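Data first, discussion second: the structure below is written as structure tokens.
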Amino acid sequence: MEPELIAGIVGLVGLATGVAAGLAFRVSEGGMERTTVSPPVQPELPPGAADVLSALPSSAVVIDSSDRVIRASSAARAFGMVREDRLVVTELLALARRVRRDGEVRETEIEIAAGRFGPEATSFAVRVAPLGSTGLVLVLAEDQSERRRVEAVRRDFVANVSHELKTPVGALSLLAETVEGAADDSEAVRRFAGRMQQEASRLTALIQDLITLSRIQGAEPMAEPAPVALDEAIGEALDACRLKADAKHITLAAGGERGVSVLGDDDMLVTALRNLVDNAVGYSPEHTKVAVSVRTADGMAEVSVTDQGIGIPQYELERIFERFYRVDSARSRATGGTGLGLAIVKHVATNHRGEVTVWSKEGSGSTFTLRLPVAGSTPLGPGTNTVREATQ
């Protein structure tokens, strides 16, 4: 809560209290023979202050000198801070009493249990301020849950990046020392040099994926998306993965409707399709098939990438689009995966007002489907990223 807004509310309350005091004075002045003493007037919020408090996104509570709640926002009641006309959070009530005694504004952070049972709690940034000399105290509590969630995601991302970079860098350092010690053994030098090249390639791929993800996340919405031919985009993605597929004797195939175009950015769509195909090849056994098919429905193009791989457990499905999340970490590192491919696909889908979904069954392979607006159709509005579990 901004101090200027608090000052404005204080002014409104002071004005209303002054008017009430003036009326009491005139009544006592009118009694010539008999003086009538009016009972103390409990300060009330003027309509203007009530409107301001009701418009605040924060939880707002105003209590009087007897700790009675004279105003509470719906958010404050929803979070369980107020019941009937009482502030029931002990920490807030004690803080309000101290503010009333010394008139100093106080700030703190507290956690309030989300329910009667369970460990979940909501974190609030609290600011408590006196409202003039009326005895009223304003309590403002802003929900910090989303901010803390974002901070936790950022910390995890930094930790994951550090770990992922440390692994190939450490391997390169160790291999360099080994090569130096085996300078007289040409066969060992060639073997370790090959390993160094693998680790360098892995490091390059990770850095490139980080750059791509950062560029996609920070990209502004496309003002004028251009038509992109899916046949060409799919062909380019398959060509980029063909060498890796041939090494495992995996057949790459494309089918479905031909001549379909979607609205978007050519480079971003090729990147998303390449990541889906690369992911399918990486998690498929040798002598299997990866197929890419296209169909249209309701103004949307559906590009499905199907493999005959190991599949994904049901409990893993909702997390596979997270950055650095791997279903099988050891297998992913062995195949050179960075853990960022599917996160990139998700963000490309978002930027194209589309969605990416997945069906998978352990031992039966997986199908990832990218849905995008067909060129010439009316986009359906902001895209959503969902993980849809289909059944056979």
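The values are calculated or read from the model by the stated rules, or taken from the named source; none is laboratory data. Worth saying up front: this structure is predicted, and the values here are computed from it rather than measured. All Cβ positions, even for glycine, are placed from backbone atoms using ideal geometry, and neighbour counts span all protein chains on display.
Going by what's in this entry, would Glu109 be described as at pLDDT 85 or above, farther than 30 Å from Gln197 by Cβ and loosely packed, with under 14 Cβ neighbours inside 10 Å?
yes
May I ask you to list the residues in the stretch 285-306 that are crowded, with 21+ Cβ neighbours inside 10 Å and outside any strand (DSSP E or B)?
Scanning the stretch 285-306 gives no hits.
Looking at (1) free of Cβ contacts under 8 Å to residues at least 24 places away in the same chain; (2) surrounded by fewer than 14 Cβ atoms within 10 Å (Cβ to Cβ), find the lone condition where Arg191 falls short.
(2)
Could you count how many residues in the stretch 233-250 are surrounded by fewer than 18 Cβ atoms within 10 Å (Cβ to Cβ) and part of a helix (DSSP H, G or I)? Explain how you work it out, then say what you get.
Pass one, the stretch 233-250, residues surrounded by fewer than 18 Cβ atoms within 10 Å (Cβ to Cβ): 235-236, 239-240, 242-244, 246-249.
Those left that are additionally part of a helix (DSSP H, G or I): 235-236, 239-240, 242-244, 246-247.
Residues flagged as surrounded by fewer than 18 Cβ atoms within 10 Å (Cβ to Cβ) and part of a helix (DSSP H, G or I) within the stretch 233-250 amount to 9.
Across the stretch 330-388, which residue is modelled with the highest pLDDT among those that are among the hydroxyl-bearing types (Ser, Thr, Tyr) and under 20 Å from Asp209 (Cα atoms)?
Thr350
Please identify the pairs in which a residue from the stretch 229-244 that is without any contact (Cβ under 8 Å) to a residue 40 or more places away in the chain has its Cβ atom under 8 Å from the Cβ atom of a residue that is among the basic types (Lys, Arg) and in a helix (DSSP H, G or I), counting only partners at least 6 apart or on another chain.
From residues that are without any contact (Cβ under 8 Å) to a residue 40 or more places away in the chain, the pairs are Glu236/Arg274; Ala240/Arg274.
Given the criterion in contact with a helix residue (DSSP H, G or I) (Cβ under 6 Å, 6 or more places away or on another chain) and either of a type in the set (A, V, I, L, M) or buried (at least 24 other Cβ atoms within 10 Å of the Cβ) (or both), identify the matching residue among Val374, Val345.
Val345
For the stretch 64-73, state whether one or more residues are farther than 30 Å from Ala200 by Cβ, charged (D, E, K, R) and modelled with pLDDT under 85.
yes
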